[in-house]
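**Student:** Would you mind keeping the following structure in view while I ask a few things?
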Amino acid sequence: MHPTVAALAALLVISVAAPDASAQRRTPRPSAQPTNVVYFITDGFGPASVTFAREYMQATTGRRNLAFDPYLVGALQTWATDSRVTDSAAGGTALATGHKTYNGAIAVDTAGRALATLLEAAQDRGMATGVVVTSRITHATPACFTAHVGSRAEEDEIARQQMRLAPDVMMGGGLRHFLPADVAPGRRRDGLNLLDSLRAKGFTVATDRAGFDRATRAPFVGLFAADHMAYDVDRDAAREPSLEEMTEKALAMLQGRSPRGFFLMVEASRIDHAAHGNDAAAHLFDILAYERAFQAALDFQRTHPGTLVVATSDHETGGLTLGRNLDGVGRYYWHPEVFRSEQASYDVLLPALRTAIQTDTTGAAALAVLANRMGLYNLSEAERADLVAALRRQPGRVQGLVTEAIARRATIQWTTGGHTAVDVNVYAAGPGADRFRGNRPNDAMGRTVAQLLGLDLDALTTRLRRTTPVYPRGAGE
Ligand SMILES: [Mg+2]
Ligand SMILES: [Zn+2]
């Protein structure tokens, strides 16, 4: 035997035989089986956006890392069954059920049959459950945990199924899908008042900040906007709670509610919406709002070590690049500090520009809005002329011109107003965190969470299909 190999073999024999070593192996380690799971989904958040937020934070604070940076464990491939570029419905279905499906599908397979979700299986097992989002709660991602339909567009039906499933905690926007058309801001055409149905089930219902502040116990539903909640950069704290506050309240309400623990899904929904609009400030500040919610979950974990905190994204949105060609030359720098002066999303900025050009057709008032709200005080003559001309005669061009003015100054670029196929990061902290390692397809993520909680999704799927139809695909997304 080669001397080195012999030495190694001897070492192995000693380590196997040594009573100390085997005792160590039997010593109960912290259980790899979590009692609670907090499952974060950052919609439309790819690796470039992680760097974007981190380098902004480094440029503006003394911190070096985002709260989730130390917990990076792997990556996911996000493709859907019918396209290499997924939407949030197919992506959410993979993350919620452990099965890939077609774009537009809400927790149904490619044949339209129901797929049991982690939240349903957790509830079925007697765990407490919760959903916290910043979009309409009927939007694709939360729907994939709480409903089954062939098309993500069926939001009234999704709300009805959410009422029937009744997770212990539901928070977000989307009030319009829970109220009949004759009760503002209701839009339902079937006349159902789902908030009354939830009250009849014992739920406390809140639709404003005061109701949120008063609420202390599950079951609780808080819907704080008719449509999506505000971007964090625009959020009026007197009207809407932050994602961090909602996460903290959900954790407090779910903790101890069941001896079997809880499953909480938290979505930072609007990172994606901002990226669709190439709205860098709204994107950035929603990422930082998410970071605070992630930190809140880590803080909870410190006192409740049986809690697994996992986080991933359904896909990347916007095709953001940091560094770009400027005037034909690739630039090896970018300037995150540009965003220090940005104080509004396009949801607020564009209406303000419209009002400004109506009251002052010279464009001076509109240019003042761009200087004061977005830090665009140093526009070139050509940029000013383009913007004022567009504001006067081609309002559809304004958003693109503002985006380019900001992007030139920051030396960044968006390459699409849609989703991309790039892999997304996976983060995990707590019992079972090592099970998320490596680069895997996104359906593996849903299955790993199920295994860690001991949930049998296949058995529940079989039961669900006895009472649910084959759901038809919608007209397309
Ligand atoms: Mg979403
Ligand atoms: Zn999207």
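Only the coordinates and a few stated rules stand behind these numbers; no lab work does. As the structure is a prediction and not an experimental result, all values here were calculated from the model. Quick reminder, even Gly has a Cβ in these numbers, built from the backbone with ideal geometry, and neighbours come from all protein chains shown.
**Student:** Would you mind calculating the gained length between residue 393 and residue 59 on full extension (0.36 nm times residue separation, minus the Cα-Cα distance), in nm to one decimal? Don't skip to the end; give the middle numbers.
**Tutor:** Details: separation 334, 0.36 × 334 = 120.24 nm, distance 3.83 nm.
That works out to 116.4 nm of additional length.
**Student:** Length gain on complete extension for the stretch residue 208 to residue 365, per 0.36 nm per residue less the alpha carbon to alpha carbon distance?
**Tutor:** That works out to 53.1 nm of additional length.
**Student:** At residue 439 and residue 201, where each label point lies 7 Å from the Cα along Cα→Cβ, what is the point-to-point distance in nanometres?
**Tutor:** Here the modelled spin labels are 4.2 nm apart.
**Student:** Can you tell me, using C-alpha contacts under 8 Å and at least 6 residues apart, the relative contact order of segment 344-441 as a whole percent?
**Tutor:** Values: 54 pairs, mean separation 17.9, N = 98.
It rounds to 18 percent for segment 344-441.
**Student:** Specify the longest stretch of the chain that does not include any exposed loop site, a site being one of the chymotrypsin sites (Phe, Trp or Tyr not before Pro) with a non-H, G, I, E, B DSSP assignment and at most 10 other Cβ atoms within 10 Å.
**Tutor:** Within the chain, the longest run free of exposed chymotrypsin sites (Phe, Trp or Tyr not before Pro) spans 1-331.
**Student:** Something else: Compare the Cα positions of 358, 333, 376 along the charge dipole of the chain (+1 at Cβ of Lys, Arg; -1 at Cβ of Asp, Glu; about the Cα centre) and return the one farthest towards the positive end.
**Tutor:** Highest projection toward the positive end goes to 333.
**Student:** When you have a sec, figure out the Kirkwood radius of segment 157-220 from all distinct Cα pair distances and drop it here in Å to one decimal?
**Tutor:** Values: mean 1/r = 0.0833 Å⁻¹.
Every distinct Cα pair counted, the radius reaches 12.0 Å.
**Student:** How much space per residue, in cubic angstrom, does the convex hull of the C-alpha atoms of segment 324-413 take up?
**Tutor:** Spread over its residues, the Cα hull of segment 324-413 gives 91 Å³ apiece.
**Student:** Using the beta-carbon distance between residue 458 and residue 164 and R0 = 22 Å, what value does 1/(1 + (r/R0)^6) give for FRET efficiency, to the nearest 0.05?
**Tutor:** It comes out at approximately 0.50.
**Student:** In percent, what relative contact order does segment 126-234 have, based on Cα pairs under 8 Å that are 6 or more apart in sequence? Can you show the working numbers first?
**Tutor:** Numbers: 202 pairs, mean separation 30.9, N = 109.
So the answer I get is 28 percent.
**Student:** Only four residue types carry charge here, +1 at the Cβ of Lys and Arg and -1 at the Cβ of Asp and Glu. Report the dipole size of the chain about the Cα centre in Debye, rounded to the nearest 20.
**Tutor:** 880
**Student:** Could you go through segment 114-129 in sequence order and give the Karplus-derived ³J(HN,Hα) for each residue, using 6.51 cos²θ - 1.76 cosθ + 1.60 with θ = phi - 60°, rounded to whole Hz, and x for Gly and Pro?
**Tutor:** For segment 114-129, the Karplus curve yields 4, 10, 4, 9, 4, 5, 4, 5, 5, 4, 4, 8, x, 7, 6, 9 Hz.
**Student:** Charges on Cβ only, +1 for Lys and Arg, -1 for Asp and Glu, centred on the Cα centroid of segment 45-162; of 107, 56, 137, which one is farthest towards the dipole's positive end?
**Tutor:** Selected residue: 56.
**Student:** Based on the alpha-carbon gyration tensor of segment 132-258 and its eigenvalue square roots a ≥ b ≥ c, which shape applies: rounded if a/c is under 1.5, prolate if not and a/b is larger than b/c, or oblate?
**Tutor:** rounded
**Student:** Can you give me the distance in nm between label points at residue 33 and residue 473, each placed 7 Å from the Cα along the Cα-to-Cβ direction?
**Tutor:** Going by the 7 Å Cα→Cβ label model, 4.2 nm.
**Student:** I need the calculated FRET efficiency for the pair residue 193 and residue 302, taking r as the beta carbon distance and R₀ as 35 Å, to the nearest 0.05.
**Tutor:** The formula returns an efficiency of 0.30 here.
**Student:** Dipole size in debye (nearest 20) for segment 306-450 around its Cα centre, Lys and Arg Cβ +1, Asp and Glu Cβ -1?
**Tutor:** 20
**Student:** From the mean inverse distance of alpha carbon pairs (Kirkwood) and the Cα radius of gyration, derive Rg over Rh for the chain.
**Tutor:** The Rg/Rh ratio comes out at 1.02.
**Student:** Between residue 404 and residue 72, what length comes free when the chain is fully extended (0.36 nm per residue of separation minus the Cα-Cα distance, one decimal in nm)?
**Tutor:** 116.3 nm
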